[in-house]
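So the structure is just underneath, and the comments pick up after that.
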Amino acid sequence: MIGKKSKKNNESVITFLFLPAHLRLIAFLFGLLVIIVNVTDFKLSVLGLAILALGIFCFGLSLYDDTWNFDMGEKKVRRRRGFFLIPFYTELDFEEVYAVVINEYERRLTKAQFSEIVVVLKNGKQVKLDYDKTDKIKDSIRDAGILQRYFSQIQAADIEHSLLEELDNSLDSANSTVAPDERANDSPVQMSEHTSEENTDASTALDNINT
């Protein structure tokens with residue numbers, strides 16, 4: 001996959017591009033040139049068909065777009081995907097994003113350090129924002145680090161809020177429980193003593209009235 005580049009349009013928007021402008025221009029010119037040459041002087045052969053297919057692929061690639069904009073001010077994610085003539089737009093709230101992950105690994109054959117940046121949505125969907133050699137996408141990694149820290153803080157706040165809610169519910173449940181009558185826990189002897197004391201108090205009150 002051709003690595004995307006990221007840039008900041010302003011202080012509050014972080015953008016990941018599908019292709020930088022110079023690579024898009026190269027793919028467009030190469031694809032267009034190959035198509036024109038094959039149309040004007042086409043020869044039916046395996047090599048000719050392969051070159052034509054490559055030209056069509058490069059031409060189509062130059063017209064395709066998949067741009068992600070993270071608006072830190074409005075807390076919105078905007079994605080533009082599709083060909084330039086018929087693009088599709090998607091808008092998400094930051095609340096729908098679970099995390100932005102930066103993965104680093106080494107390829108065995110080249111022994112080069114590669115990095116990929118992935119956005120993980122709360123519905124389980126994962127989309128790759130960038131992928132290339134680590135030293136080629138330092139700007140992307142830097143910007144992704146800003147997003148990674150932001151969404152990590154949001155996750156921590158959500159977990160803390162959930163724990164506090166659970167604690168409040170437990171306390172409310174405990175307070176709403178009616179305490180049983182204390183006499184229910186008395187032994188038969190204690191209950192008899194309570195009854196005798198009540199009878200004595202009643203007799204004393206009656207004598208006072210008669211007096």
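The values are calculated or read from the model by the stated rules, or taken from the named source; none is laboratory data. Quick caveat, the model's predicted, so the values are computed rather than measured. When we count neighbours, we look across all protein chains shown, and the Cβ atoms used for this are built from the backbone with ideal geometry, even at glycine. Each accessible area value is taken on the protein alone, full model and side chains, heavy atoms only, with ligands, DNA and RNA left out. Shrake-Rupley method; radii C 1.70, N 1.55, O 1.52, S 1.80 Å.
Quick notes
- Residue count, the range 133-149 (criterion: over 17 Å from TRP68 (Cα atoms) and open to solvent by less than 70 Å² (accessible area, probe 1.4 Å)): 1
- Just one of (1) within 29 Å of TYR150 (Cα to Cα); (2) free of Cβ contacts under 8 Å to residues at least 12 places away in the same chain fails for ILE36. It is (1).
- Odd one out for VAL127, checked against (1) at pLDDT 90 or above; (2) farther than 20 Å from ILE14 by Cα: (2)
- Condition check for GLY31: small (Gly, Ala, Ser), touching a Cys at 6+ places or on another chain (Cβ under 9 Å) and either farther than 30 Å from GLY145 by Cβ or part of a loop (DSSP other than H, G, I, E, B) (or both): yes
- Residue match in the range 18-26 (condition: at pLDDT 90 or above, outside any helix (DSSP H, G or I), open to solvent by less than 90 Å² (accessible area, probe 1.4 Å) and within 23 Å of GLU96 (Cα to Cα)): no
- Looking across ASP172, ASP143, ASP158, one residue alone is modelled with pLDDT under 75, in a helix (DSSP H, G or I) and not β-branched (Val, Ile, Thr). It is ASP172.
- A single member of SER45, SER62 is open to solvent by less than 80 Å² (accessible area, probe 1.4 Å), farther than 30 Å from TYR150 by Cα and free of Cβ contacts under 8 Å to residues at least 24 places away in the same chain, and it is SER45.
- For the range 76-124, the candidate set comprises residues that are in a helix (DSSP H, G or I) and open to solvent by 40 Å² or more (accessible area, probe 1.4 Å); within that set, the residue that is modelled with the highest pLDDT is GLU96.
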